[in-house]
1. Count, please, the residues in the range 292-311 that happen to be within 14 Å of Asn37 (Cα to Cα) and in a helix (DSSP H, G or I).
2. Regarding Val270, is this residue modelled with pLDDT of 95 or more, over 16 Å from Leu58 (Cβ atoms) and β-branched (Val, Ile, Thr)?
3. Only one of (1) over 25 Å from the mean Cα position of the chain (by Cα); (2) at negative phi fails for Gly224. Which number is that?
4. Just one of Asp253, Asp203, Asp213, Asp189 is acidic (Asp, Glu) and more than 30 Å from Glu123 (Cβ to Cβ); which is it?
5. Does the range 46-56 include one or more residues that are farther than 29 Å from Gln159 by Cα and surrounded by fewer than 21 Cβ atoms within 10 Å (Cβ to Cβ)?
6. Condition test on Ser238, is it surrounded by fewer than 22 Cβ atoms within 10 Å (Cβ to Cβ), among the polar types (S, T, N, Q) and within 17 Å of Val264 (Cα to Cα)?
7. Could you say whether any residue in the range 160-170 is of a type in the set (Val, Ile, Thr), free of Cβ contacts under 8 Å to residues at least 60 places away in the same chain and under 27 Å from Leu10 (Cβ atoms)?
8. Does the range 172-184 include one or more residues that are part of a loop (DSSP other than H, G, I, E, B) and aliphatic (A, V, I, L, M)?
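The values are calculated or read from the model by the stated rules, or taken from the named source; none is laboratory data. Because the structure is predicted, anything quoted here is derived from the model rather than measured. Neighbour counts are summed over all protein chains in view; Cβ atoms, including those assigned to glycine, are modelled from backbone coordinates with ideal geometry.
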Amino acid sequence: MPHRAPRLLLLDTASLYFRAFFGVPDSMRAPDGTPVNAVRGLMDFVTRLVGEYEPTHLACCWDDDWRPQWRVDLLPTYKAHRVVEVREADPDVEEVPDPLELQVPVIREVLAAWGLPVVGAPEHEADDVIGTLATGAGMPVDVVTGDRDLFQLVDDAAQVRVLYTARGVGRHERVTEDVVREKYGVRADQYADFATLRGDASDGLPGVKGAGDKTAATLLGRFGDIAGIRAAAADPASDMAPGVRAKVAAASDYLDVAPQVVAVVRDLPVRDVDLRIPGSTFDADAAAALTERWDLGTSAERLTAALLALD
């Protein structure tokens, strides 16, 4: 195998296994009847991505905390609609279909056996791990996700792009700075402010009332960032329209906290993990045992072949 140029592949793991769960028939089951559609689907996604991009480094980024308390403290509506129950002694529980919940521990075992590094951080989401590993990586970075929030990481100069899976892993879109600008009319480094202004119901971000995509993009184009927009709204001499000025003023409390909630963290202590693949942690015996127990079949064969092809 010729020498491969360094390339880091960062997986938004939950985004991928959710997509696998809903996209692969649940008739795919282990001998004991346990569904393994998310397990096998994720393995097939990794196989496809590794084969197409031939990374030298890879991280399966993990939500150690899918709804960090520090973000909720700042903005109580953050992901509030996803909470299905709160137990006295337990943290909030995200709504995960039971058949998928059963598969998450199997997914962890599979990733470990095949030597695919899993990286999480206490009190932080996978997005924050991705943000940290993508920043200053010193090599081209591909972020695989179905979450538009991570468009804020796109940086042509640093060779960071997003492989956006909204239409499926097999039909993913390579998001660069030009793509962000064409889609939303803002620079990639303005995307977090853009998302803050327009809001996002799926994350419980109310946004600035009456500020949709067009208004958010126009304001950022004129005033640069949220700080500039708020300064203009507070300045009687600025030429901001009275209606927009009133909307920004009315959202003052929200704008005090939302930017910190939306911005991914980029300085977590997770850089000491060895992300090289294929790694020395590949455990052929464990992989064989898992393949037999969960009937992983051709998914296991293809993943093994794809990783060995990188050696």
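1. Within the range 292-311, residues that are within 14 Å of Asn37 (Cα to Cα) and in a helix (DSSP H, G or I) number 5.
2. Numbers: modelled with pLDDT of 95 or more: yes; over 16 Å from Leu58 (Cβ atoms): no; β-branched (Val, Ile, Thr): yes.
Against the criterion (modelled with pLDDT of 95 or more, over 16 Å from Leu58 (Cβ atoms) and β-branched (Val, Ile, Thr)), Val270 does not qualify.
3. Here Gly224 meets the rest and fails (2).
4. Sole residue among the options that is acidic (Asp, Glu) and more than 30 Å from Glu123 (Cβ to Cβ): Asp213.
5. Checked against the condition, which is being farther than 29 Å from Gln159 by Cα and surrounded by fewer than 21 Cβ atoms within 10 Å (Cβ to Cβ), the range 46-56 yields no hits at all.
6. So Ser238 fails the test.
7. Scanning the range 160-170, I find at least one residue that is of a type in the set (Val, Ile, Thr), free of Cβ contacts under 8 Å to residues at least 60 places away in the same chain and under 27 Å from Leu10 (Cβ atoms), so the answer is yes.
8. Step one: list which residues in the range 172-184 are part of a loop (DSSP other than H, G, I, E, B), which gives 172, 176.
Still in the running and aliphatic (A, V, I, L, M): none.
No, there is no match, as no residue in the range 172-184 is part of a loop (DSSP other than H, G, I, E, B) and aliphatic (A, V, I, L, M).
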